[in-house]
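> Below is the structure I would like to discuss, written out as C-alpha cells.
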C-alpha cells in the first residue's frame, strides 16, 4: 500500500477494475426492487465545466447509495444532439453539423469518464442517430393516424436575408441575430401536435392532489410553473355584433366579433375593443387606410410569443370601425393593438381600462374613455394612476352597471352570462393558455418530417417500411436557408401512392421531440423492432429525474404529453413519466471583465487576473496579469463560457483528482441551492482525502487483524453510529453536503478515538466511514476498501451492503453534561446514563470545577436540565 495518496494512481486503478468487471452494466432483475435515476441529457457543446460535474455527481451519489441499499439501479447517459447550435457552428467554421456534433460527443465523453461516474454506457443514446430518430418519425405517423398530429398554417419569424425561420430568441430588437435584417411575420404551413387535447389531464397532474397521477414528488415551484403555462381560465365568450361587409358583400365573420373574458362583471366598462393585426376586421380597415396598413406591417416585425408581447410597448391605431355592445347597444370603437395575438382566442379583446392595467395604459396613451364599474368600500378611484385594487375581482361590487350594479364578482358574471345567452350572443366557456405544439422547423439539423409532397396525391406519409428517412450528414449550412432545399438526392422521390415524381418535406422536427422520450429509449436502446419494449415497463415510470429549473415548463410538459400519447396508442401502461423531480442549484464563480469605448465587455478567465482583497477577505479590485491594468469585478455568476468563468474538470482532476472534484461540488452547499466554486475549498477537500489515506495506512495492520464485530456500546461506537444515523437520513433527503461533512466528522472521531478503541471497534468504524463516503469519493474508498481487507469479507464496495445502525451502540453507559457555576460554563461532568437527579447534583458539587469557581460558597440550589447541563447556583 502506497504510503502517499496519489489520486491519479488510485483513480486509474479503480476505473480499470470497474471497466474490466462491467461494474456499471445493469440488467433487468425481478428479484430486486428497481430504481431508475436519470439526469437530463446534455447538449454536446464540447466542454464540461464543474457545474456539469455537480449535476452528475448528485445522480451518481444517489445511484451508488441505493445500490448499496439493495436496489437494482439504472443510471444512463446520452446526448441531445440535434439543434441550432450545430448549424451555427457549421456556418462559422465551414464544417458539417454531424461532424462537429460527433466530435463534441467524443470530447465530452472523454471528459466525463475520468470522473468515475457509474453510467451504464451500454445504453448510450444520441438523438442524431438514425436508429433513434426513426422512432420520432414512426410515432409522428402514428399520431397523424390518430389525429394527434395535424397540419395548419403557422405564424413565424422570417429572416428575408438568411431565408429561414428564426426562433424568438434569435430576434434582437426586431432584427435577425445574424443578418441584421428586419424580421417579418409570415404564415407558412407546419405540423402541430394536439397537446391541448390533454390539457385537463396535464393540469390535474400538477394541481389536483386527488388525481391518481398527481405529481406529489415534484417541487411545488415547478408544479405552479406548469399550472400557469397550461393556464386554465373560466369565463365568458361572447360577440360584439356589427354590419361590416367585406369586398364580397358578405358580413365579415358573420357580423360577429367574438372575445373571451374572465371579467364579464366589468362588461359595462368596455370603452374600446382591440383586434390583432391579422384579424379580418383589421385587414378590411387597412385596405383604404394607408397609415393603418403601415402600422400593421410594423406589427409583423419582431417576435410572436405572448411573453415577448408582454414586454413590448403597447401601441395601437384606430380602424374607424365600430361594433355594437351586446348589452347596452352602444357603438364601441375598434382598434388594432400590437399586443393582441391572432393565435390566442379569437384574436380580439374587450378593452376595460378602468379594471385592466394593460387597457388602462393603452387608454391613457390614446385618450380613450375610462369608466369605473367596480367599487370597493374605503377605496378612492384615481383616473390618473393605476392601483392594484382596480383589477382585484375578490373585492367590491359592480357600479355604473344598470341592472347588474351592486353584485359581487361571481354573481355579476353569472348574471351577465345568462343575459348574453338569452340573446344568443355568448356563453360560459373554459379556455386555455396552452397552445398546440408546433413541431415544424425550417432547419436542417433535426429529424426529417416523414412526409412526401405529391402533385397528384397531396401530402403522403412515408410508408413504415421506408423508415427512417435518413438525414444527409454531409451538408454544410451557409446561412442562406435550409440546405435540404438544395439537396436533390434528398428531395427527389417517387410518390408512395401513385409512383409519380414527388418531393420530400424539408422541415425538420423541433428538438423538444428528441428529448420527450429519450429516457424510455435508455431502457431498451437495442430494440430494433419497436420504439420501446417490455424492458421499458420494468424501469418506467422513472423514479427520480434530475435537471435544471430552466426545463421546468416546456421540456417537462412535452415529455408528459408525449408519454400520454404513447399510452393512448398502446405503447406504455403508465401516464406520467417522472415520479420524482429534483431541480439542482447552479454552481457559481467569480467573473471579471473590461469594457471598451463602445460598451462591449471582454470577459477574463479567473486565472488571467490578480484579485485584491480587504482585511475581511472580500474582493475589492482586480488587475489583468497580462498588462497590470484594472478589470471590473463582475460578481458571482453562473458558470458560463460566455463569461469565461467556467472551471474545467480536467484542470481540477489534474491538480487534485476526480474524488476531490466530485466531493467538493457536493460539499459546497445543498444540492438544490446554488453554490460558489472555491479553489481554497477544493484544496480543503483534497487535504481531507489525503488525511483519510494516511489514516488508512496507519491503522491498516489493526483493521486487517481485527476479529469479530464489536457488541454493545463504547464511546467510539456511540459516536460512529450516531453519525451513521444522521448520514443515512441525509442521503435519504438528498442533503449531500451534510453527508460529506458527516464523513469528515467520522474521520475526526476515528482519529481521536483510535488509540483507546479495541481493534474490532476501529475496523467497524473504518468500514462505516468508507461506505458513507464512497458515493461521493468512489475511487479512494474503493482502494482503501481493498487494501484494508474489507473486500475479502464483504465483497466489492460497489455492492457492499449499507451499514445498519446498531441501536445497542447508541445506549450509553455514561453521559456528559455541561457544568455551569453561577450561570457560567466551567467544564463538564460525566455521570452514569441512568443517574437520578440526586446523583447528578452530588457529582456537580464534588467536581473540581465547583471547588475552584464556587469560591468556597455553599450551593444555594442545583438546576438540572436532563441530558444537557447542570447549573450550581451560589
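> From 140, 82, which residue is at pLDDT 95 or above, over 17 Å from residue 44 (Cβ atoms) and crowded, with 20+ Cβ neighbours inside 10 Å? Explain how you work it out, then say what you get.
Numbers: 82 fails: over 17 Å from residue 44 (Cβ atoms).
Criteria check complete, one pass: 140.
> Can you spot a residue in segment 183-196 that is touching a residue at least 60 places away in the same chain (Cβ under 8 Å), surrounded by 20 or more Cβ atoms within 10 Å (Cβ to Cβ), assigned to a helix (DSSP H, G or I) and in contact with a helix residue (DSSP H, G or I) (Cβ under 9 Å, 6 or more places away or on another chain)?
Checked segment 183-196: at least one residue is touching a residue at least 60 places away in the same chain (Cβ under 8 Å), surrounded by 20 or more Cβ atoms within 10 Å (Cβ to Cβ), assigned to a helix (DSSP H, G or I) and in contact with a helix residue (DSSP H, G or I) (Cβ under 9 Å, 6 or more places away or on another chain).
> Name the helices (runs of 4 or more DSSP H) wholly inside segment 485-550 in which the number of residues that are at pLDDT 95 or above and buried (at least 17 other Cβ atoms within 10 Å of the Cβ) is 2 or more.
Fully inside segment 485-550 and qualifying: 518-521, 534-539.
> Might you check whether a residue that is buried (at least 22 other Cβ atoms within 10 Å of the Cβ) and over 41 Å from the mean Cα position of the chain (by Cα) occurs anywhere in segment 763-780?
yes
> For segment 551-607, which fully contained strands (runs of 3 or more DSSP E) count at least 3 residues that are in contact (Cβ under 8 Å) with a residue 40 or more places away in the chain? Spell out how you get there, then give the answer.
Values: elements: 581-583, 587-595, 601-604.
Once the strands (runs of 3 or more DSSP E) in segment 551-607 are filtered for at least 3 residues that are in contact (Cβ under 8 Å) with a residue 40 or more places away in the chain, what remains is 581-583, 587-595.
> Given the options 809, 859, 839, name the one that is over 30 Å from residue 17 (Cβ atoms), outside any strand (DSSP E or B) and touching a residue at least 60 places away in the same chain (Cβ under 8 Å). Steps first, please.
Details: 859 fails: touching a residue at least 60 places away in the same chain (Cβ under 8 Å); 839 fails: touching a residue at least 60 places away in the same chain (Cβ under 8 Å).
809 is the lone residue from the list that is over 30 Å from residue 17 (Cβ atoms), outside any strand (DSSP E or B) and touching a residue at least 60 places away in the same chain (Cβ under 8 Å).
> Show me the strands (runs of 3 or more DSSP E) found entirely inside segment 389-470 where at least 2 residues are over 17 Å from residue 236 (Cβ atoms).
Of the strands (runs of 3 or more DSSP E) lying wholly inside segment 389-470, those with at least 2 residues that are over 17 Å from residue 236 (Cβ atoms) span 451-454, 458-461.
> Could you tell me whether residue 391 is over 34 Å from the mean Cα position of the chain (by Cα) and either assigned by TED's automatic domain parsing to the domain that holds residue 337 or free of Cβ contacts under 8 Å to residues at least 40 places away in the same chain (or both)?
Numbers: over 34 Å from the mean Cα position of the chain (by Cα): no; either assigned by TED's automatic domain parsing to the domain that holds residue 337 or free of Cβ contacts under 8 Å to residues at least 40 places away in the same chain (or both): yes.
When the stated conditions are applied, residue 391 does not pass them.
> Within segment 161-180, does at least one residue satisfy the condition of being in a loop (DSSP other than H, G, I, E, B), within 19 Å of residue 555 (Cα to Cα) and touching a strand residue (DSSP E or B) at 6+ places or on another chain (Cβ under 8 Å)?
Yes - at least one qualifying residue is present in segment 161-180.
> Also, I was wondering about something else. When you check residue 742 against the structure, is it free of Cβ contacts under 8 Å to residues at least 24 places away in the same chain and out of contact with any strand residue (DSSP E or B) (no Cβ under 8 Å at 6 or more places or on another chain), yes or no? First the steps, then the outcome.
Values: free of Cβ contacts under 8 Å to residues at least 24 places away in the same chain: no; out of contact with any strand residue (DSSP E or B) (no Cβ under 8 Å at 6 or more places or on another chain): yes.
For residue 742, the condition - free of Cβ contacts under 8 Å to residues at least 24 places away in the same chain and out of contact with any strand residue (DSSP E or B) (no Cβ under 8 Å at 6 or more places or on another chain) - is not met.
> Another question, then. Hey, among 703, 697, 720, 647, which residue is in contact (Cβ under 8 Å) with a residue 40 or more places away in the chain, over 33 Å from the mean Cα position of the chain (by Cα), surrounded by 15 or more Cβ atoms within 10 Å (Cβ to Cβ) and more than 16 Å from residue 773 (Cβ to Cβ)? Steps first, please.
Details: 703 fails: more than 16 Å from residue 773 (Cβ to Cβ); 720 fails: more than 16 Å from residue 773 (Cβ to Cβ); 647 fails: over 33 Å from the mean Cα position of the chain (by Cα).
Going through 703, 697, 720, 647 in turn, just one is in contact (Cβ under 8 Å) with a residue 40 or more places away in the chain, over 33 Å from the mean Cα position of the chain (by Cα), surrounded by 15 or more Cβ atoms within 10 Å (Cβ to Cβ) and more than 16 Å from residue 773 (Cβ to Cβ): 697.
> Of the residues 650, 662, which is over 30 Å from residue 760 (Cβ atoms), part of a helix (DSSP H, G or I) and modelled with pLDDT under 95?
650
> Among the residues of segment 87-102, is any buried (at least 22 other Cβ atoms within 10 Å of the Cβ) and either within 24 Å of residue 774 (Cα to Cα) or at pLDDT below 95 (or both)?
yes
> Mind telling me which of the residues 47, 32, 25 ends up being out of contact with any helix residue (DSSP H, G or I) (no Cβ under 6 Å at 6 or more places or on another chain), assigned to a loop (DSSP other than H, G, I, E, B), surrounded by fewer than 18 Cβ atoms within 10 Å (Cβ to Cβ) and touching a residue at least 60 places away in the same chain (Cβ under 8 Å)? Outline the logic, then answer.
Details: 32 fails: touching a residue at least 60 places away in the same chain (Cβ under 8 Å); 25 fails: out of contact with any helix residue (DSSP H, G or I) (no Cβ under 6 Å at 6 or more places or on another chain).
Step by step, each of 47, 32, 25 is checked, and only 47 is out of contact with any helix residue (DSSP H, G or I) (no Cβ under 6 Å at 6 or more places or on another chain), assigned to a loop (DSSP other than H, G, I, E, B), surrounded by fewer than 18 Cβ atoms within 10 Å (Cβ to Cβ) and touching a residue at least 60 places away in the same chain (Cβ under 8 Å).
> Okay, next question. Looking at (1) more than 26 Å from residue 206 (Cβ to Cβ); (2) more than 16 Å from the chain's Cα centre (by Cα); (3) touching a residue at least 60 places away in the same chain (Cβ under 8 Å), can you tell me which one residue 501 breaks?
Unmet for residue 501, out of (1) more than 26 Å from residue 206 (Cβ to Cβ); (2) more than 16 Å from the chain's Cα centre (by Cα); (3) touching a residue at least 60 places away in the same chain (Cβ under 8 Å): (3).
> Please work out if residue 781 is over 30 Å from residue 117 (Cα atoms) and at pLDDT 95 or above.
Taking the combined requirement at face value, the residue does not satisfy it.
> Kindly provide the set of residues from segment 504-521 that are in contact (Cβ under 8 Å) with a residue 60 or more places away in the chain and touching a strand residue (DSSP E or B) at 6+ places or on another chain (Cβ under 6 Å), ordered by number.
507, 508, 510, 518, 519, 521 - these are the residues of segment 504-521 that are in contact (Cβ under 8 Å) with a residue 60 or more places away in the chain and touching a strand residue (DSSP E or B) at 6+ places or on another chain (Cβ under 6 Å).
> Answer yes or no as to whether residue 669 is in contact with a strand residue (DSSP E or B) (Cβ under 6 Å, 6 or more places away or on another chain) and either at pLDDT below 90 or surrounded by 15 or more Cβ atoms within 10 Å (Cβ to Cβ) (or both).
Numbers: in contact with a strand residue (DSSP E or B) (Cβ under 6 Å, 6 or more places away or on another chain): yes; either at pLDDT below 90 or surrounded by 15 or more Cβ atoms within 10 Å (Cβ to Cβ) (or both): yes.
So residue 669 passes the test.
> Go through segment 752-766 and give me each residue that's in contact with a helix residue (DSSP H, G or I) (Cβ under 8 Å, 6 or more places away or on another chain), free of Cβ contacts under 8 Å to residues at least 60 places away in the same chain and in a helix (DSSP H, G or I).
Those that are in contact with a helix residue (DSSP H, G or I) (Cβ under 8 Å, 6 or more places away or on another chain), free of Cβ contacts under 8 Å to residues at least 60 places away in the same chain and in a helix (DSSP H, G or I): 753, 759, 761, 764, 765.
The values are calculated or read from the model by the stated rules, or taken from the named source; none is laboratory data. This is a predicted model, so every value here is computed, not measured. Note: ideal-geometry Cβ built from the backbone for every residue, glycine included; neighbour counts use all protein chains shown.
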